[in-house]
Structure formats: structure tokens, C-alpha cells
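Read through the structure below, which is laid out as C-alpha cells, and then see the notes.
The values are calculated or read from the model by the stated rules, or taken from the named source; none is laboratory data. Here the structure is a predicted model, which is why all the values come from computation and not from measurement. Cβ coordinates were reconstructed from backbone atoms using ideal geometry, including for glycine residues, and neighbour counts include every protein chain displayed. Surface accessibility is based on the protein's heavy atoms, side chains included, excluding ligands, DNA and RNA. Shrake-Rupley method; radii C 1.70, N 1.55, O 1.52, S 1.80 Å.
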Amino acid sequence: MHIIQINKFAFRVPELPARYRANCSKEWGCFVHGDTKGMNVAKAEKAGLTKGEFVEMALCDVHERMLTFEPHYLNEPFIEIWGIPTAGEMKAQFPEQASQVCTFLLHRRSKDNLGRLLEVFSQNAFTEWVNSGMEGDPNKVAFEKIQQAQFNHIFRFQFTMTEGSYGPYYFIEITEKKPESELEKAALEAAKQVAGTSFCLDPMLVENDKQCRNRLSPMKEALPEGN
């Protein structure tokens, strides 16, 4: 266990990933952790395995992953989120002045929502680069500006219900705001210290991603030119 102390606030960085799941099926619509197999949402909540319909957090790292979780997900793109909760049930399990680095995955529409939000940061970075005289490597400048924006905002991940071809389901709406409380400001400082370190890598997902990409490589090589 590693602990980061920022003024009067303390943030725990566990050796093993504190992993949550975003359950978007119509009976759920909440974050969960632990083994919920065979449970409905009421039983999972009673067992203390649900962690609310939203979380606000300071983002540490964001990774793109190609993952397989049989039988439902085969070589599908996910976004791996690492952050420090500042509001919601993930935060409420700790004292007021404390929180913990945790991780969860975004998939399909939820993943795309985060991509659209980060694209706004990317466009702003491009505009700033042009207006400043187009000096330096544009890709490097854009990356630095996006990272700077990430560490200047608190992100909210909120379950939202919608209607699909097979009935109602949930997706995660993602918004951002400037930090307001002292906890949020401290969490952003801690997130900067954790970003890019081995603490924000889940070996299980790294290996899963590697295997998926290895399986896809021969398929790409076999495609005729132009595809």
C-alpha cells in the first residue's frame, strides 16, 4: 500500500487494483464490485456490493484496451479509467478527508461519450497551438494540453437510462467541472503523482489486451490490400 498525503487529505494507492464494474443492464444501472453472480440488484445492494449510480473523480490515467470477456465480449475496445473518487458511494466508504485510487472499464456508448469529451480538449489544444504561432511539435503540444486539462477538472460518471432495440438499458454520461472543494483540489494533485506509474496498470487487463491484439494481427495481415 502506498499513501499520498496532500495537506490534511490522504489518498490510498492499493497494491492490487481496486476494481469496479459498470453494470449497464436494465435491472442494475450502477457500479458494483466483488462477485455478484446469481444476484439481483437488491441482493447485491444488501450484500454491500453496489457502489451507486455515479462517481465524481480526479482522473489519474486513461488507457485504451482491446479485451475479451467470454461469452459476451470478444476482442472489443474498452476504455480503462483510473481515478480518485471525490463524491459518490465509492468515496463515501472512506473518511471525509480520504479516498482511494480505483479503476473501472467503459464500453460502447459510455466509451464513446468519454472520447467526445476528450476530443473537445484536443480541439482546444489545436486551436491554442495555431494561435500561438504553431511552434513546436503539434502532437506533443496537444498531448500536454489535454493532460493539463485532465488535471484541472473533476469528471462525473453518471448512469443514464435509455431505450434500445432490446428494451431499456443504461449508459454512462460523462461531464466535467472545475474543482471547487479542497478535497477535489487535493485529489487532482494526488492524481498527478500517480499518473503514468505502475500503480495505474492492471496486469490482468494488460495481458488480456496483449492476447486480443495478437489474435487480431494475423487477421489484419490476411486482409487484401485496400481493406
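Among the GluC sites (Glu not before Pro) in the stretch 65-109, those located in a DSSP loop and surrounded by at most 12 other Cβ atoms within 10 Å of their own Cβ are Glu96. Please report, as a whole percent, how much of the solvent-accessible surface of the stretch 101-227 comes from carbon and sulfur atoms (probe radius 1.4 Å). Taking all protein chains in place, the stretch 101-227 shows 52 percent carbon and sulfur surface. Straight-line cross-link reach from Lys43 at under 20 Å between alpha-carbon atoms covers these aspartates and glutamates, not counting any fewer than eight positions away in the same chain: Glu27, Asp35, Glu53, Glu89.
In loop segments of the stretch 124-208 as defined by DSSP, the GluC sites (Glu not before Pro) with at most 12 further C-beta atoms inside 10 Å of their C-beta are Glu135, Glu180. Taking amide hydrogens as placed 1.01 Å from N in the peptide plane, the amide H of His2 sits under 5 Å from those of Val13, Glu15, each at least 5 positions away in sequence or on another chain. Rounded, prolate or oblate: which fits the stretch 1-146, taking a ≥ b ≥ c as square roots of the Cα gyration tensor eigenvalues, rounded meaning a/c under 1.5, else prolate when a/b beats b/c? Verdict is oblate for the stretch 1-146. Only DSSP H runs of four or more residues enter the estimate; each adds -39500 (n - 2.57), and after division by the residues of the chain the mean residue ellipticity at 222 nm equals -11000 deg cm²/dmol.
Among the listed pairs Lys145/Lys192; Lys91/Lys185; Lys145/Lys177; Lys26/Lys177, those whose Cα-Cα separation exceeds 22 Å are Lys26/Lys177. The GNM of the chain, with springs linking C-alpha atoms under 10 angstrom apart, assigns the highest mean-square fluctuation among Asp202, Asp137, Asp112 to Asp137. Checking every one of the trypsin sites (Lys or Arg not before Pro) in the stretch 31-98 against DSSP loop status and a limit of 10 other Cβ atoms within 10 Å picks out Lys37. Overall, the chain carries a charge dipole of about 440 debye about its Cα centre when +1 sits on the Cβ of Lys and Arg and -1 on the Cβ of Asp and Glu, all other atoms neutral.
Backbone amide hydrogens, once placed in the peptide plane, bring Cys30 within less than 5 Å of Asn23, excluding anything fewer than 5 places away on its chain. For the stretch 150-201, the dipole from Cβ point charges (+1 on Lys and Arg, -1 on Asp and Glu) about the Cα centre works out to 140 debye, to the nearest 20. Summed over the residues of the chain and divided among them, the accessible surface reaches 58 Å² per residue at a probe radius of 1.4 Å.
When only the Cβ of Lys, Arg, Asp and Glu is charged (+1, +1, -1, -1), the dipole of the stretch 107-195 relative to its Cα centre reaches about 220 debye.
3J(HN,Hα) along the stretch 25-42: 5, 5, 7, 10, x, 7, 7, 9, 8, x, 8, 10, 4, x, 9, 9, 5, 5 Hz, from the Karplus curve 6.51 cos²θ - 1.76 cosθ + 1.60 with θ = phi - 60°, whole Hz, x for Gly and Pro.
Take every pair of alpha-carbon atoms less than 8 Å apart whose residues are at least six positions apart; their mean separation over the length of the stretch 86-227 yields a relative contact order of 19 percent.
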